[in-house]
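Take a look at the structure below.
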Amino acid sequence: MANQQEQTSRQNPDQTVPVSVEPRSQDSDRPLNHNLPDFLLSVRLKYVKLGYHYLISKAIYLLLVPLLGISSAHLSALTARDLAQLWNQLRFNLITVVLCSTLMVFLVTLYFMTLPRKVYLVDFACYKPDESACHKPDPARICTHEIFMERSELTNVFTKENLAFQQRILERSGLGQRTYVPEAVLQVPPNRCMAEARAEAEAIMFGAVDQLLAKTGVKAKDIGILVVNCSVFNPTPSLSAMIVNHYKLRGNVLSYNIGGMGCSAGLISIDLAKQLLQVNRNFYALVVSLESITLNWYFGNDRSMLVSNCLFRMGGAAILLSNRSSDRRRSKYQLIHTVRTHKGADDKSYNCVFQREDDKKIIGMSLSKDLMAVAGEALKTNITTLGPLVLPMSEQLLFFATLVAKKVFKMKIRSYIPDFKLAFEHFCIHAGGRAVLDEVQKNLELIDWHSEPSRMTLYRFGNTSSSSLWYELAYSEAKGRIRKGDRTWQIGFGSGFKCNSAVWRALRTIDPTKEKNPWMDEIHEFPVHVPKVVSIGSTTKQAHC
């Protein structure tokens, strides 16, 4: 049944599988339960807009037709005598012709030599804590809602009020019953120590990299660039040094370890690897994104720090990039754009996600109530930069016209929100939480089909920090949605506050039957309906769509 609906959604994205967000009006947050829209008017406006986009996209061809007609008329009027006369003129000006030809060849050569090298995504792998022998989930790391509340209560740390607070957050989080938490955190009492944190990081990094190297056939010695990002766990030697030591990478590897940059650090790592690949020839770049939560699980009673316990879960991803032209044929995607936005100059943005001590000197990650507003402003700034790079001219003209009407003519009209569905076929939104996904879907006017990979990733794996974007892309691949030429927009949010984007174009159609990713054994179970509130302890079975 899920496969039939998947095919229907692909053919007609307007007919979508229902998820947890109710339809809302453009000017209000209230669900549209009673006042139904004028469907006839909506259809008419839809086709008017489609006609407008078609006209603008074909405008260049309409302008070229008269020019081609005039040129053809002039060429048809040329006689053999005219051609002979032209040849004589060129022969008597041989030096000028040679100099012009040489200059033209030089300029063309210079142009192609200065073009930035293309960056290809050969393949990627996401970590899933399975038992290698039977490929079943490791029961020691599965964290159901009931286990979460039971172990939280057994720590004898949280007050009854804060236990109830965590339960309310978890019930509305959008997380399912099979997310993963490090074994050291689930133990009674929890075994939070450096050794366990290292073991968690090693399991994630080595598990993802082992799978990636097996999928691509690339040898560890061939990797020339290594970029590792983990926000709050930064041991010495670094995580990147742990990978160099484990895989015995070559001595001149360009190694980077990115810390403290939050959930958006994964795309920062991609951007850094891209820039390094554009100045080094014939290189492989390995990017590893993860978050270690063993030492960063909060055992205190500051409510602003308890939210992260309810959302963050265990996960990581490894990505192999290449600038070798010979790798284009076997690569999955080409990196088209990266756009980074940093709002750290604003104090409210800077403080909205902050690692600090509570009044009892217990360290935790504090989330401000301003987080959603800050994330919205960061996204707005980011898409203002990204829009001109990816949107069709028709959308840019509409946006510009609205801007002129508001700023110049002082007209009281709504700001025009560009239709990014004309620029992208797939969206990977950081699965930070249900509220984040609701807000981005509403602001970008996406349909449920577009946000499905993000919501199902949050449900199945939780917030795995910067690696969540790769679980989402893996979901789209497992569903067989990726076609050659499709464009995917990855959007990441993180402390600082930052919003980063990456745009990928598929170089080939992805055949899910040939893929190995964390969804393949259970993709037939998705999508599922995620209620807005799931009572912990309820025996209600999740209905599969």
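Taking region 475-489 and a reference point 7 angstrom along Cα→Cβ of ASP511, the backbone N atoms nearer than 18 Å belong to 477-485.
In order along region 385-397, the phi-based Karplus estimate (6.51 cos²θ - 1.76 cosθ + 1.60, θ = phi - 60°) of 3J(HN,Hα) comes to 7, 6, x, x, 7, 10, 6, x, 4, 4, 5, 5, 5 Hz; Gly and Pro are listed as x. In terms of accessible area, using a 1.4 Å probe and ignoring ligands and nucleic acids, LYS498, LYS421 rank largest first as LYS421, LYS498. Take 456-464, 525-533 and order them by the average number of nearby Cβ atoms within 10 Å per residue, most first; the result is 456-464, 525-533.
Cβ-Cβ distance of LEU422 and ILE536, R₀ of 45 Å, FRET efficiency by 1/(1 + (r/R0)^6): the value works out to about 0.60.
Hull surface divided by four, with the convex hull built on the Cα atoms of region 492-538: how many nm²? The partial results should precede the final answer.
Working: hull surface 27.6 nm².
Its Cα hull, projected and averaged over all orientations, spans 6.9 nm².
Here LYS215 is the anchor, and the aspartates and glutamates within straight C-alpha reach of less than 13 Å, apart from those fewer than 8 places off in the same chain, are ASP123, GLU515.
The amide H of GLY316, built 1.01 Å from its N in the peptide plane, has TYR127 as neighbours under 5 Å, considering only residues 5 or more places off or on other chains. Computed from backbone phi with θ = phi - 60° and the Karplus coefficients 6.51, -1.76 and 1.60, the 3J(HN,Hα) list for region 475-485 is 4, 4, 5, 5, 7, x, 8, 7, 10, 4, x Hz; x is used for glycine and proline. Averaged over residues, the count of other Cβ atoms within 10 Å places the peptides 229-236, 175-182 in the sequence 175-182, 229-236, highest first. Here r is the Cβ-Cβ distance between ASN156 and GLU525 and R0 is 25 Å; the resulting FRET efficiency, rounded to 0.05, is 0.10.
For region 101-247, the convex hull drawn through the C-alpha positions has a volume of 205 cubic angstrom per residue. Amide hydrogen proximity for SER366: with H placed 1.01 Å from N in the peptide plane, the residues at 5 or more positions away or on another chain lying under 5 Å are PHE354, GLN355, ARG356. Take every Cα pair under 8 Å whose residues are at least 6 apart in sequence, average their separation, divide by the length of region 214-298, and the relative contact order is 44 percent. Which FRET efficiency, nearest 0.05, do ALA77 and LYS442 yield, Cβ-Cβ r, R0 51 Å? Efficiency at R0 = 51 Å is approximately 0.25.
Diagonalise the Cα gyration tensor of region 203-263 and give the resulting equivalent ellipsoid semi-axes, square root of 5 times each eigenvalue, largest first, whole Å. Spell out each step's value before the answer.
Numbers: eigenvalues 80, 38, 20 Å².
Ellipsoid semi-axes (Å, largest first): 20, 14, 10.
Size descriptors for region 419-545, from the alpha-carbon set: Rg then Dmax equal 14.8, 46 Å.
Relative contact order for region 219-268: 52 percent, from Cα pairs under 8 Å spaced at least 6 residues apart, divided by residue count.
Using the per-residue mean of other Cβ atoms lying within 10 Å as a proxy for protection, in what order, highest first, do the peptides 514-521, 283-290, 373-380 fall?
283-290, 373-380, 514-521
The smallest convex shape that holds all Cα atoms of region 319-430, its convex hull, gives 189 Å³ per residue.
What are the semi-axes of the equivalent ellipsoid of region 384-469, taken as the square roots of 5 times the eigenvalues of the Cα gyration tensor, listed largest first and rounded to whole Å? Show your work: numbers first, answer last.
Details: eigenvalues 187, 37, 21 Å².
With the √(5λ) rule applied to region 384-469, the semi-axes are 31, 14, 10 Å.
The values are calculated or read from the model by the stated rules, or taken from the named source; none is laboratory data. Owing to the predicted nature of the structure, the values given are computational and were not obtained by experimental measurement. For neighbour counting, all protein chains shown are included, and Cβ atoms are generated from backbone atoms with ideal geometry for every residue, glycine included. Only protein heavy atoms, including side chains, enter the accessible area calculation; ligands, DNA and RNA are left aside. Shrake-Rupley method; radii C 1.70, N 1.55, O 1.52, S 1.80 Å.
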